[in-house]
Amino acid sequence: MGMLELHGVTKAYDDFTVVESFSFDVIEGELRCLLGPNGAGKSTTMDLITGRQKLSGGKIVFDGRDITGMKEHEIARLGVGRKFQVPAVFRELTVRENLEVADNRSPNPFANMRWFGRSGDSRNFDQIVDLVGLGPRLGTQAGFLSHGETQWLEIGMVLMQNPKLLLMDEPTAGMTEHEKHKTSEIFGRLKGNHTLVVVEHDMSFVREIADVVTVMHLGKLLAEGPMKEIEVNSRVREVYLGSEGNGHDA
Ligand SMILES: Nc1ncnc2c1ncn2[C@@H]1O[C@H](COP(=O)(O)OP(=O)(O)O)[C@@H](O)[C@H]1O
Ligand SMILES: [Mg+2]
């Protein structure tokens, strides 16, 4: 069953169409990678799914419900979680406090900290800490984490909201090879239990994690299929894979 369906989604500014009649379908438990050169419209597509930007045309269905035109917080409440390109953690708070604040039971983050742990959610907390591998860092202020650890913390924070669908924009940006590998393990464990859409540039990472890959170019669908097919697709190679490494061809 489709967890996320985009039907002819379009986003146009006065003189420029950023996303054009873009459609794709992600089934429950799937991990979909969204590829494409800079400027292809990937982040905008994320914005359209989460309601951060308004569609100019088309329709988005999440978990059987038409969410087109809904407000960002309404869509989040329905179970769409998002990790942005730049991590947004509270640097003065510890890892534990950041995760507690992220628990979205209340709009007041400090109320969350008080309530946390009273309602049987500690299992969820422990599982998430284990998954992102930050157990030894729970008492560390987030400002002292490495770049990779900060990204994992933010993934953990999104998971605290227990989303049905997780959107991640370039989660491995700036990571070392070792950190990327660990991130692919985290994603491997999320797959099946969560539905994920991951915008990613690193090809070896995509090879490790992706089921199906969707490639965008100039706001449109360029190709879609298993990574094995996508890698040898001549149109994809022309616009994207050939430019791997510089990423500034659009
Ligand atoms: N407010 C805006 N007005 C006009 N064009 C925009 C606006 N925001 C983004 N764009 C353009 O939309 C295109 C797609 O951007 P984006 O979705 O960030 O691409 P990607 O994430 O694939 O690199 C880019 O060419 C960008 O310059
Ligand atoms: Mg982007």
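Computed values, structure above
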| quantity | calculated |
| --- | --- |
| Close pairs (6 angstrom Cβ cut-off, 6 or more residues apart or separate chains): without any contact (Cβ under 8 Å) to a residue 40 or more places away in the chain in segment 175-199, among the acidic types (Asp, Glu) and surrounded by 14 or more Cβ atoms within 10 Å (Cβ to Cβ) anywhere | Ser184/Glu208 |
| Filter pass, Ala88 being at pLDDT below 90 and either assigned to a loop (DSSP other than H, G, I, E, B) or hydrophobic (A, V, I, L, M, F, W, C) (or both) | yes |
| Qualifying residue in segment 182-196 (condition: within 16 Å of ligand 1 (Cβ to nearest atom) and modelled with pLDDT of 90 or more) | no |
| Residues of segment 191-205 classified as buried (at least 20 other Cβ atoms within 10 Å of the Cβ) and in a helix (DSSP H, G or I), total | 1 |
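Here's the yes/no breakdown for (1) under 27 Å from Val212 (Cβ atoms); (2) surrounded by fewer than 17 Cβ atoms within 10 Å (Cβ to Cβ); (3) modelled with pLDDT of 95 or more:
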{"residue": "Thr50", "(1), (2), (3)": "yes, no, yes"}
{"residue": "Phe62", "(1), (2), (3)": "yes, no, yes"}
{"residue": "His73", "(1), (2), (3)": "no, yes, no"}
{"residue": "Val95", "(1), (2), (3)": "no, no, yes"}
{"residue": "Ser122", "(1), (2), (3)": "no, yes, no"}
{"residue": "Arg137", "(1), (2), (3)": "no, no, yes"}
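Residue-wise test of (1) in a strand (DSSP E or B); (2) out of contact with any helix residue (DSSP H, G or I) (no Cβ under 8 Å at 6 or more places or on another chain).
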{"position": "His7", "(1), (2)": "yes, yes"}
{"position": "Thr17", "(1), (2)": "yes, yes"}
{"position": "Phe22", "(1), (2)": "yes, no"}
{"position": "Leu34", "(1), (2)": "yes, no"}
{"position": "Gly39", "(1), (2)": "no, yes"}
{"position": "Met46", "(1), (2)": "no, yes"}
{"position": "Ile49", "(1), (2)": "no, no"}
{"position": "Gly58", "(1), (2)": "yes, yes"}
{"position": "His73", "(1), (2)": "no, yes"}
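The values are calculated or read from the model by the stated rules, or taken from the named source; none is laboratory data. For clarity, every value in this text was computed on a predicted model and none was experimentally measured. Because the Cβ atoms are built from the backbone with ideal geometry, glycine has one as well, and the counts that use them run over all protein chains shown.
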